[in-house]
Every structure is written in structure tokens, then in C-alpha cells.
1. Could you tell me which numbered condition Phe355 fails, if it satisfies all but one of (1) more than 25 Å from Gly119 (Cβ to Cβ); (2) open to solvent by 90 Å² or more (accessible area, probe 1.4 Å); (3) of a type in the set (Phe, Trp, Tyr)?
2. Find the residue count for region 147-169, including only residues that are in contact with a helix residue (DSSP H, G or I) (Cβ under 8 Å, 6 or more places away or on another chain) and over 20 Å from Gly269 (Cα atoms).
3. From the list Phe96, Phe121, pick out the single residue that is among the aromatic types (Phe, Trp, Tyr), in contact (Cβ under 8 Å) with a residue 12 or more places away in the chain and within 24 Å of Cys293 (Cβ to Cβ).
4. When you go through Lys164, Lys210, Lys202 one by one, which is the residue that is farther than 27 Å from Asp278 by Cβ, assigned by the TED database to the domain that holds Pro98 and surrounded by fewer than 20 Cβ atoms within 10 Å (Cβ to Cβ)?
5. If we keep just the residues of region 269-321 that are in contact with a Ser or Thr (Cβ under 6 Å, 6 or more places away or on another chain) and of a type in the set (A, V, I, L, M, F, W, C), which is least open to solvent (accessible area, probe 1.4 Å)?
6. Looking at region 167-197, which of the residues that are in contact with a strand residue (DSSP E or B) (Cβ under 9 Å, 6 or more places away or on another chain) and either small (Gly, Ala, Ser) or not assigned by the TED database to the domain that holds Ala252 (or both) is nearest to Leu213 (Cα to Cα)?
7. For region 99-115, what are the residues that are in contact (Cβ under 8 Å) with a residue 24 or more places away in the chain and among the acidic types (Asp, Glu)?
8. Limited to region 131-146, what total is found for residues that are of a type outside the set (Phe, Trp, Tyr), open to solvent by less than 20 Å² (accessible area, probe 1.4 Å) and closer than 19 Å to His188 by Cα?
Amino acid sequence: HPPQSFSIPLVSPQETLMGKYGEEAKLIYELQDQGGELLALRYDLTVPFARYLAMNKITNMKRYHIAKVYRRDNPATTRGRYREFYQCDFDIAGQFDPMIPDAECLKIVHEILSDLQLGDFLIKVNDRRILNGVFAVCGIPESKFITTCSTVDKLDKIPWQDVKNEMVGEKGLSPEAADCIAEYVQLHGGLDLIERLLQDPKLSQNKLAKEGLGDMKLLFEYLTLFGITGKISFDLSLARGLDYYTGVIFEAVLLQQENDHVEESVSVGSVAGGGRYDGLVGMFDPKGRKVPCVGVSIGIERIFSILEQRVKASGEKVRATETQVLVATPQKHLLAARLKLISELWDAGIKAEMFYKKDPKLLKQLQYCEDTGIPLAAIVGEQELTDGVVKLRDVATREEVRMSFYTRFQKRFQKPRDC
């Protein structure tokens, strides 16, 4: 599908965002304008997208969107964590057969992380219905499912004992219920684990968990056909703290080896996440009409931060521009020649630059090419104008070739000192 453009506001009424993010709502930037209206900066691109679908009565859409979002969080710039940052979202909205669009979202994440060559990565997959089934068979009341989910979501940051302490001390769960949850949320694997849980005496009796495990099995069959299951892990500790997820959830993390002698990989942070949110559009529709949706968000700054660190460590030089050629002159009074030549290059669709000085020194112009990685310099001097040629210089090898130029250019600048 071609990208579909639409307007999603940066600022929304607070009521639009509240009640969608659970405990993470404390990170929403709340504003108050001069008229006293309560407003907020968007926290992500998912909730505004769902609102857009509902307001415009759209029931089928496939789109990507790159834009800034805002979170009142503690920044950690070295790890790519900011208060203002870009997200790149890909979403599929519409009523389709189970797990087909979900598998495509995971395929996209796999493709992006592979193409960027960020190193080894793992995409963790779970399902909110499976988690809710675990909570149910462990005796957690339904009213505490969401808040328990938020606590489980911290397992990738703090050890199980700290998670258990929060469950018991802050969330009011019994130690026995927490221990029961621990039996499940520390499991991870693939189709073999799914099959084992489908036979689990407790989970197999729970309707939600059975539905989730059935869809998870179907998802892994599709991922096997895509050939990407080597990077996918069914991980029951994955919870995703946002309230609006209703089914499959996933998160991509980069891995690194602790040292050359250890095969065990350790996570260095999440770079993408998403899942299914079938009820979100209905929250904005006056008649409560639902539109099933699944999507993924890529953390652009987190990825850039990792790439920058690796480039810095390697010492390699990165091009800061896409410019293909710098138009240069070796003598004074040749500004008009540069302007004419660069205009011809621009009209031909060639990415070209020139110095914004009347009489720059050739050495400075060539040094600029080296500093910025511009591969070619098109040099026009008095002799080139007389001969009707352009001298093309390979900046890296310093090789030069003389190329014929347009007759009208030669006639226009026969007397360059008069320009």
C-alpha cells in the first residue's frame, strides 16, 4: 500500500490521552492554555491514530508514520532516551484473519533490524490473553490484571525478587500468587513451549489463555514460513505496560556478548515494540464501533545512538551529506561560472553544492570535500572555460579527467574576468 497522509495533532485534549496508558500516564506532558483548556502533548502515535480512524469512520488502513512524541521522563542521552524524540510507527487496521497482519509486523521489524546491521537481536513475543490467563489461574482478581501486568513489565530491568516485593508490598497480591506467577513468567521458548502450555493442567482450562496460545501457535507457523523464527522468542515475561494492548505483544532488543568466551547473550535495550490493540478505536467512536488494529513502533533515536557509538568506536568517517559533487573554481572572478554550472547540475537532478563565497581558495574547497565525504569536485577555471570543458576530480584518489561541456556555456563565459 502507498503511504496515506493525514493530520495527527501534536496537542490534544487531556481526556483524549488519559485512561489509555495505565501507570505510564504519569509521563504525559500536561499543558494548560490561556483559556483554561486542559491539553497534553502526544505520548505516542498509536492513540492519535486510533482517534483519527474513529473520527473519520475508517475501517481499513495500512500506514507508516514518523513524528515526534513527548514524555516527561528522566533522559539518558547516552542510551538514546529523551523527552522529545521520534517514533516510526507501522500499523494495519481492519478485520482480517488471525495473525496474518501480526506476522507481517514482526517480519518488518526483523527486516529493519537486519538491514541496519545493528548486531545480534531478539524479538520477544507474548500475548496479553496468555498473561491474563496466568493471572487468573494464580488467583489474581480481574481488577488487578492491568496493574499486575505493569509490574511484570519491569522484569527486564529489575530481578524477580524486586518484582515480587512490588506485587506483594504495593499491589496487595499474596506471596503464593506471586510465586505461582513466577512459575510461568520465567519461561521462554518456541513452538515446543506453546505446545507444552496448551497441555498445562491449569492454563488449558482458562478460555483466554487457550485462545492466546492457539493464536500464538498460528503466529509461529507463519513466522516459520517467513523464515525468521531464529530471531523470535515466545517469552512469558514480556508484558508491555500500556493498557490498550489486547492480544499479541512484542518487543525487539539488541544483544551483545558479555565477552569472547561466553556464549550467553545479554540485552542492551529495547529498540522496537508493539502489539494488537483491538479496543482502542472503539474508545473514540460515539457508537463504540471497534476496528481491530496491530502495529509496531521503531525507536529511531535509540537506534541512532547505538550506530553513533559504534561509528565512534571504530573511528570510521561518516558522510554528513548526500552531495555528489562540489562545483569549484581555482581563480578569482568565477562566481558566475559556478552558478551557471551548478544550475545545470541541479536541473539534471544531480546533488551539487558550492561555496557561498565569491572567491574561495581551491584548497579550502577540496578540503571541504574531504571533510564531508563529497566524492567529486567539478572544477571550472579560466583554461577550462576557454577549452569548453570541466575538470572532474576524484577527491579520494586525486585523479582528474577533462570532460566536454556545453557550447553555450563556453560562449557565455569566454571572458571570465568580465563576469
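The values are calculated or read from the model by the stated rules, or taken from the named source; none is laboratory data. It should be emphasised that the depicted structure is a prediction, and the values quoted were computed from it without experimental measurement. Please note: Cβ atoms are built from the backbone with ideal geometry, for glycine as well, and neighbour counts cover all protein chains shown. Heavy atoms of the whole protein, side chains included, go into the accessibility calculation; ligands, DNA and RNA do not. Shrake-Rupley method; radii C 1.70, N 1.55, O 1.52, S 1.80 Å.
1. (2)
2. So the answer is 6.
3. Phe96
4. Going through Lys164, Lys210, Lys202 in turn, just one is farther than 27 Å from Asp278 by Cβ, assigned by the TED database to the domain that holds Pro98 and surrounded by fewer than 20 Cβ atoms within 10 Å (Cβ to Cβ): Lys164.
5. Among those residues, the one meeting the criterion is Val291.
6. Looking at the filtered set, the residue picked out is Gly190.
7. Asp102
8. 4
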